[in-house]
Amino acid sequence: MAHDGRATIHDLKGLRILTKKEVCALVPYTPQHIHRLEKAGRFPRRLQLGPNRVGWRLVDIEKWINDRVAVAGASPAETYADDDEIAF
């Protein structure tokens with residue numbers, strides 16, 4: 001927080017909510033595949049924001065991406081291979 005008690009943009013980063021369109025721009029999967037990964041516990045859970053609106057916390061999506069990249073010795077293609085095997 002700023003010294004005067006106001007929140008800064010940096011402080012609000014953890015509160016940023018992404019839309020489905022924004023998540024799909026960051027993650028190379030279709031909305032249907034993201035939903036399958038969520039159900040399997042392999043993708044951050046969406047937040048129900050209202051009766052017809054969902055979103056994902058930016059920090060959760062960033063952590064998921066960083067965890068994928070951090071897999072020791074794995075190229076990006078190898079990192080995503082396990083999630084491509086989720087049953088339809």
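When the Karplus curve 6.51 cos²θ - 1.76 cosθ + 1.60 is applied with θ = phi - 60°, which whole-Hz ³J(HN,Hα) does each residue of region 43-59 get, with x for Gly and Pro?
Here the 3J(HN,Hα) series is 8, x, 6, 6, 9, 8, 8, x, x, 10, 9, 10, x, 10, 6, 4, 4 Hz.
Long-range amide H contacts for V71: which residues qualify at under 5 Å (H placed 1.01 Å from N, peptide plane, sequence gap of 5 or more or a different chain)?
The list, which skips near neighbours in sequence, is empty: none.
Taking 7 Å along the Cα-to-C-beta vector as the label spot, tell me the K21-N52 distance in nanometres, rounded to one decimal.
For K21 paired with N52, the spin-label model returns 1.5 nm.
Exposure proxy check: V54, V69, V27 ranked by fewest other beta carbons within 10 Å? Let's see the in-between values first.
On the way: V54 15, V69 9, V27 21.
Listed from fewest to most nearby Cβ atoms, that is V69, V54, V27.
Just so you know, all these numbers are worked out from the coordinates, no wet-lab data involved. Model, not experiment: these values are computed from the prediction. Every residue, glycine among them, receives a Cβ derived from its backbone with ideal geometry; neighbour counts consider all protein chains shown.
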